[in-house]
Amino acid sequence: MITVENLSKHFGPKVAVDNISFEVKKGEVLGFLGPNGAGKSTTMRMVTGYLPPTEGKISVGGADVVDSPIAAKAKIGYLPENAPLYTELTVQGFLNFIGELRGLSGAELDKAVNRSMDLCHLQGVRHQSVDTLSKGFRHRTCFAQALIHDPEVLIMDEPTDGLDPNQKHEVRGLIRRMGEEKAIIFSTHILEEVEAACSRAIIISGGSVVANGTPDQLKSKAKGSGSIRFQLAGIPATTAKSDLEALNSIGSLSVDREEENTLRGVAFPNSGQSARASEEIFNYVSSKNGLLQELAVVEGRLDDVFREITSSDTEASSSAA
Amino acid sequence: MNSSTCRHIWTITKKELRSYFSTPLAWVLIVVFLLLSQGFAFLFGGLLEYQNASLAAFFLYVPWIFMVFAPAVGMRLWSEEHRLGTMELLMTMPISPWHAIMGKFLAAAVIVFVSLFLTFPVLITINWLGDPDNGIAFAGYIGAFLVGITFLAVTGVISALTRSMVVSFIVALFLCLGMIMSGWPIVVASIDGWIPGLGQKLAQLSVLTHYNELTKGILVSSDILFFASVIGFCLYLTAVILKTKRA
């Protein structure tokens, strides 16, 4: 649905986006991650046709955004950063306006406006002027605007910014549900959101893509991901320690607690062998008639991956500058 | 123009009009325009003292009032979009920027039209008191309308440049003032005294010169063409500014 090839954007001498390529298919939800100023918004603005790219090609649903902007824009629903709205209009007036610009009219327009107000829980404030709405309602009004024409492609710049935890939860659910039949890109710097709603995530830093994969793939890049935490009893600790170290799949062992008959620590398996290693530990303990009190594969945290990838990058660029 | 173009322009116009009338701005401006135009005509223009029944006294002051009125009407057209950030919404809609430019210009022109239209009691009064040449009055109204919307087009350009309504109002007001003054006989004479011939040339670029022709009742196509080309140029310039601002 969305294809971005070698996209770059320069603002004068500043390179905001540097040769980014990615693809989003129907049924995919792509999360855009990155520190502030990484180029997330700039990329989205180019995909939606707001900013002209300096270089590269963007195609949305087969329409080139630069060559046939109107055809491309018609397929996109866009929620810009900070959810801008015309403050003098009522919620319904605003949605009617957007719907009409989207080419809807008459009964079709009424239906679309009602549907998007239902989705975003706006029926209660439909006759209220946007001016008088709280931030959460404003945000949802702008969200409703993006959904009004039931677009094939949905692009959202920080869709949960400024919402309370319940609303955040609801919006994530909505994104996940809609993601089944649309192609969705959304940016965020809340990492749990990526796990909650995305099928794939891209981490952007300094204008380039530094990681691209499913949330699980990204997590496995974290230091310590795939290691095995264990605690066993009933086997003399020194024996257990040397036996475990001797296992084929285990590279090294770090022991936290070593008592007479109890051993607690983390085993670092050789790469890609974490499932095998936990199996071997289990078999070893049972063959010795010991008691396995804990055995868990440590999952990497997206937080750690994000920090590792993006902070090394900013350090590198600041030392270069 | 195909039907979808018209529909998009009309959608924008409708929304702009709704914005104008949902705040006191348009109402206040129209009332002030009526008070000033009527007040000037009766108090300073000596509308009732003229021997012949005509609206000359009324039309005399109209460009000066529009000099303030049009920037006040037009200042929000694009500044507001910049300020609210809605430009990003508008420019990602499946419409051409021209639809937005035309739609907004039309909405502002409607305000000017309504303001002028509401001066009809003067016309009735004059007709009741005497026997004016309504053809001249009609030509005068056309001239006044053209001056008004020309000033709007100029204001639109400035408004596209800044997110501040105050700045766009003040700058536009000075530009409109310049467009009047360059045709004012005293100014023309003094510029001519400085660099001979320049004053006359500048006067050709003044709205006042062309407006005066129209208020005499002469609908000359060259005068109308003048207004049309200034408006066309300003709208084009607006499009260029909006485009470069995005890049």
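The values are calculated or read from the model by the stated rules, or taken from the named source; none is laboratory data. Nothing here was measured: the structure is a model prediction, and the numbers come from that model. Virtual Cβ from ideal backbone geometry, glycine too; neighbours counted across all protein chains shown. Note: areas computed on protein heavy atoms with side chains; ligands, DNA, RNA excluded. Shrake-Rupley method; radii C 1.70, N 1.55, O 1.52, S 1.80 Å.
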**Message:** Among DSSP bridges having both ends in chain A, what percentage is antiparallel? Round to the nearest 5.
**Reply:** 70
**Request:** Determine the dipole magnitude for chain A: charges of +1 sit on the beta-carbon of Lys and Arg, -1 on that of Asp and Glu, nothing else is charged, the reference point is the Cα centre, and the result goes in debye to the nearest 20.
**Result:** 420
**Message:** Please report, ordered by residue number, every helix of chain B (full DSSP H runs) that is 18 Å or longer along its axis going by C-alpha atoms and whose mean Kyte-Doolittle hydropathy reaches 0.0.
**Reply:** B:24-39, B:56-74, B:97-117, B:134-161, B:165-181, B:221-246
**Fill in**
For A:Ile70, placing the label point 7 angstrom along Cα-to-beta-carbon and taking segment B:96-122, residues whose amide nitrogen sits under 16 Å are B:96-103
**Asked** Taking each residue of B:209-222 in turn, how many C-beta atoms of other protein chains fall within 10 Å of its C-beta, and what is the average?
**Response** 0
**Complete:** Quick tally, 1.4 Å probe accessible area for B:Met67, B:Met93, A:Met1, sorted with the most first, runs A:Met1, B:Met67, B:Met93
**Request:** Assuming R0 = 51 Å, can you tell me the calculated FRET efficiency for the pair A:Leu295 and A:Asn166, based on Cβ-Cβ distance, to the nearest 0.05?
**Result:** 0.90
**Complete:** Log entry, pair B-A: total buried accessible area, probe 1.4 Å, protein chains only, in Å² rounded to 100, is 2600
**Asked** How many nm is it between the label spots at B:Thr244 and A:Arg276, if each spot is 7 Å from the Cα in line with the beta carbon?
**Response** 6.5
**Links that overshoot a 22 Å alpha carbon limit, given the list B:Lys14/B:Lys245; A:Lys14/A:Lys40; A:Lys14/A:Lys75** = B:Lys14/B:Lys245; A:Lys14/A:Lys75
**Fill in**
On the accessible surface of chain A, probed at 1.4 Å with all protein chains in place, carbon and sulfur together account for a percent value of 47
**Request:** Would you compute, from DSSP H runs of 4+ residues alone, the mean residue ellipticity of chain A at 222 nm, taking -39500 (n - 2.57) per run and dividing by the full residue count, rounded to the nearest 500?
**Result:** -11500 deg cm²/dmol
**Fill in**
Net charge (Lys, Arg +1; Asp, Glu -1) of residues whose beta-carbon lies under 13 Å from that of B:Arg246, B:Arg246 excluded, is +2
**Request:** Among the aspartates and glutamates, select those whose C-alpha is under 14 Å from the C-alpha of A:Lys221, and discard any that sit fewer than 8 residues away in the same chain.
**Result:** A:Glu299, A:Asp303, A:Asp304, A:Glu308
**Prompt:** Where in segment B:162-198 does the amide nitrogen come within less than 17 Å of the point 7 Å from the Cα of B:Val32, taken along Cα to Cβ?
**Reply:** B:165-177
**Message:** Name the residue from B:Thr5, B:Leu123, B:Leu17 whose Cα lies farthest towards the positive end of the charge dipole of the protein assembly as shown, charges +1 on Cβ of Lys and Arg and -1 on Cβ of Asp and Glu.
**Reply:** B:Leu123
**Prompt:** Sequence-distant or interchain residues sharing an amide H contact under 5 Å with B:Leu219, placed H: which?
**Reply:** none
**Prompt:** Any idea how far the Cα center of segment B:11-38 sits from the one of segment B:213-247, in Å?
**Reply:** 22
**Prompt:** If the cut-off is 17 Å between C-alpha atoms, which aspartates and glutamates fall inside it for A:Lys135, apart from same-chain ones fewer than 8 positions away?
**Reply:** A:Glu81, A:Glu88, A:Asp157, A:Glu158, A:Asp161, A:Asp164, A:Glu170
**Request:** Please name the residues of segment A:62-83 whose accessible area, counted over protein heavy atoms with a 1.4 angstrom probe, falls by no less than 40 Å² between the chain alone and the full protein assembly.
**Result:** A:Ile70, A:Lys73
**Message:** Using the basic label-point model (7 angstrom from Cα toward the beta carbon), what is the A:Ser242 to B:Val220 distance in nanometres?
**Reply:** 11.4
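Cβ under 11 Å from B:Ala108's Cβ, B:Ala108 left aside: what net charge do those residues give with Lys, Arg +1 and Asp, Glu -1?
+1
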**Largest to smallest accessible area among B:Phe40, A:Phe143 [probe 1.4 Å]** = B:Phe40, A:Phe143
**Request:** Would you mind classifying segment A:188-270 by shape? Square roots of the alpha carbon gyration tensor eigenvalues, ordered a ≥ b ≥ c; an a/c under 1.5 is rounded, otherwise it is prolate if a/b is larger than b/c and oblate if not.
**Result:** prolate
**Prompt:** Put +1 on the Cβ of every Lys and Arg and -1 on every Asp and Glu Cβ in the protein assembly as shown; which of B:Leu152, A:Ile228, A:Gly207 then has its Cα farthest towards the positive end of the dipole?
**Reply:** B:Leu152
**Message:** What is the sum of charges, Lys and Arg at +1 and Asp and Glu at -1, for the other residues whose Cβ falls under 15 Å from the Cβ of A:Pro69?
**Reply:** +4
**Asked** Counting only heavy atoms of protein chains, what accessible area per residue, in Å², does chain A have with a probe of 1.4 Å?
**Response** 44
**Item:** With all protein chains modelled, accessible area of B:Arg246 [1.4 Å, Å²]
**Value:** 40
**Fill in**
For B:Lys243, counting only lysines whose alpha-carbon sits under 18 Å away and dropping same-chain residues fewer than eight positions off, the answer is A:Lys9, A:Lys73, B:Lys104
**Request:** Quote the FRET efficiency, to the nearest 0.05, computed for A:Lys223 versus A:Asn283 with a Förster distance R0 of 30 Å and r equal to the Cβ-Cβ distance.
**Result:** 0.65
**Request:** Could you size up the charge dipole of the protein assembly as shown around its Cα centre, putting +1 on the beta carbon of Lys and Arg and -1 on that of Asp and Glu, and report it in debye to the nearest 20?
**Result:** 760
